[in-house]
Amino acid sequence: MELRREMRIMKKNRMLLMLVIVGIVFGGIFGFKAFKNHMVARYISTHLSPVITVSSMEVKFSNWQAQLKASGSLRAVLGINVTTELSGMVKNIYFTPGTFVKKGDLLAELNTDPDKAQLDVLKANAVLADINYKRDKAQYAISAISKAVLDSDAANLRSATAQVVQQEAIIAQKTIRAPFSGQLGISNIYPGQYLSPGDKVTMLQTFDPIFVDFYIPQQSLHLLKKGQFAAVSIESHPKRAFIGKITTIDPGVDPSVRNVQVEATIPNQELILVPGMFVSVYIETGKPIPYLTLPQSAISFNPYGEIVYIIENAGKDDEGKNKLIAKQRFVITGEKRGDQITILDGVKEGDKIVTSGQLKLHNGSQVTINNTIVPSNNPAPTPQDDEQRKM
């Protein structure tokens, strides 16, 4: 009996010991979990998202002048390849390539020696015909000859005179002169060279004024009228605008592309514009229109559209200062000019927008504003190279 009682007591003691051990183990596990959660909460409370420094600006209206843009090509008002009307051997060259000449200036001369000799013969015949006519006219006055003889003498005189004029015209056609004032190009002839009609002697172009030809779509035709101002820019002078007027609008639309050809005349006293140059044409249409504008750097792109970050006041922080956060806002953008872009929808005047530093932001990020350095917001920026050239 004693032995059984002792064994029962030993089993009870073992069970109690096991329960105590199990209690200690589970207590340790739950204690560790509680400690871990406490430390994580403490870490989070002491390691909040960092405050991100950004630049910002308020959305404002800017007046944008409506413009019609096109690409064009410059064309000389007067421009030809100088040639000869008759064939012959080049005898003399009187021009210097690349120089300016006036209308009527002698450029080159073909060999006219045989023509001049023939002209002397014809002049002699004309003198003889004149003498015969005058003599017979005196004889006719005293009825010494018939009227038919006098008429024949008159016809011979007119024929001889006409042959002299014809021969002088042939000599003039072999004398090449500038048909108008302008600048000459490269010489393509040499003394002793045989020229045929149509062979190029040189190029002759007028530069002031100069034409610009461009095309506009038919739906924009109502925006143009003769006499309207047109501005032209070229790559070699990107900051300069050459102002002229529309002089001709084709009365018909090209049925293959539905475009209309337009011609504008541009003053070119400095001779900067050269025929054949590619140019950009800008035509102001209507009155200036107010648009909400932002720097293009303020716009962020994602697969769902274009967004901006609007800075909002989220109350006070622990130190009593204003707490600023950035909120995403989808926008609809429009035309771009220089560094600016128009905002058609999504923001309103007075909204404060992040202009730089968006890469570190997410919706609800806390921000601080530093506008010491701000992105460019110029509708007509100047390239840095051009600024350096001016210095």
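Here are the numbers for the structure shown:
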read-out: Protein accessible area in region 79-206, 1.4 Å probe - carbon and sulfur %; value: 56 percent
read-out: Cα convex hull volume per residue for region 78-189 (Å³); value: 120 Å³
read-out: Hull-based mean projected area of region 96-139, where the convex hull spans the alpha carbons, in square nanometres; value: 5.1 nm²
read-out: DSSP-assigned coil residues among trypsin sites (Lys or Arg not before Pro) in region 188-289, each with at most 14 further Cβ atoms within 10 Å; value: LYS225, LYS226, ARG258
read-out: Heavy atoms of HIS237: accessible area, 1.4 Å probe, square angstrom to 10; value: 70 Å²
read-out: Alpha-carbon Rg/Rh ratio, for region 280-332, with Rh computed the Kirkwood way; value: 1.23
read-out: Region 202-328 - Rg and Dmax from Cα coordinates, angstrom; value: 24.1, 85
read-out: Calculated P(r) tail over 20 Å for region 299-366, as whole % of Cα pairs; value: 34 percent
read-out: Region 131-191: mean projected area of Cα convex hull, nm²; value: 7.1 nm²
read-out: Over 25 Å (Cα to Cα) - which of LYS323/LYS352; LYS60/LYS327; LYS103/LYS225; LYS287/LYS336; LYS245/LYS287; LYS102/LYS239 fall in this group; value: LYS103/LYS225; LYS102/LYS239
read-out: Taking the chain and dividing mean pair separation by its residue count, relative contact order in percent (alpha carbons under 8 Å, at least six apart); value: 24 percent
read-out: Pair-distance profile P(r), taking every C-alpha pair of region 140-234, with 5 angstrom steps and integer %; value: 2, 7, 10, 10, 9, 8, 8, 8, 8, 7, 7, 6, 4, 3, 2, 2, 1
read-out: Exposure rank, largest accessible area first [PHE30, PHE330; 1.4 Å]; value: PHE30, PHE330
read-out: Two-decimal log10 I(q)/I(0) for the chain, as the Debye equation yields it once each C-alpha is a single scatterer, q = 0.07, 0.08, 0.09, 0.11 Å⁻¹; value: -0.69, -0.78, -0.87, -1.02
read-out: Accessible area per residue in Å² at 1.4 Å probe, computed on the chain; value: 64 Å²
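The values are calculated or read from the model by the stated rules, or taken from the named source; none is laboratory data. Everything numeric here is computed off the predicted structure, so don't read it as measured data. Backbone-built Cβ (ideal geometry, glycine too); neighbour counts: all protein chains shown. The accessibility values were calculated without ligands, DNA or RNA, using every heavy atom of the protein model including side chains. Shrake-Rupley method; radii C 1.70, N 1.55, O 1.52, S 1.80 Å.
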